[in-house]
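Here's the structure we're looking at; comments come further down.
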Amino acid sequence: MTRDEVLALPVTVDVLTAGKAFGFSRNTTYELIKSGEFPVPVHPYGKGKRRVLTSELWDALGVRPDQGAAQG
């Protein structure tokens, strides 16, 4: 994903979208979650669903919406 795509994400995203932002495959994403080594917290959301807060994803990736496009 590009920086602009990451910054355009909604408040929360599913784990596969978060994994894609890190460049992980589907299998790697689920393996890292299962082992507790996914780079951001994964929050339970509803029955059997998990979400990632986009602000935590931004922090882990080192991007913020208040950074000018020329900076990142």
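The values are calculated or read from the model by the stated rules, or taken from the named source; none is laboratory data. Please read all numbers here as calculations on a predicted model, not as lab measurements. Positions of Cβ are backbone-derived with ideal geometry, glycine not excepted, and every protein chain shown enters the neighbour counts.
Exactly one residue among 51, 64 is surrounded by 11 or more Cβ atoms within 10 Å (Cβ to Cβ), in a strand (DSSP E or B) and of a type in the set (D, E, K, R), and that residue is 51.
When segment 27-56 is filtered for residues that are over 13 Å from the mean Cα position of the chain (by Cα) and charged (D, E, K, R), the ones remaining, listed by number, are 31, 34, 37, 47, 49.
Filtered by the rule that a residue be exposed (fewer than 11 other Cβ atoms within 10 Å of the Cβ) and touching a residue at least 40 places away in the same chain (Cβ under 8 Å), segment 5-28 gives 10, 11. For segment 57-72, the candidate set comprises residues that are hydrophobic (A, V, I, L, M, F, W, C) and at pLDDT 95 or above; within that set, the residue that is nearest to the chain's Cα centre (by Cα) is 57.
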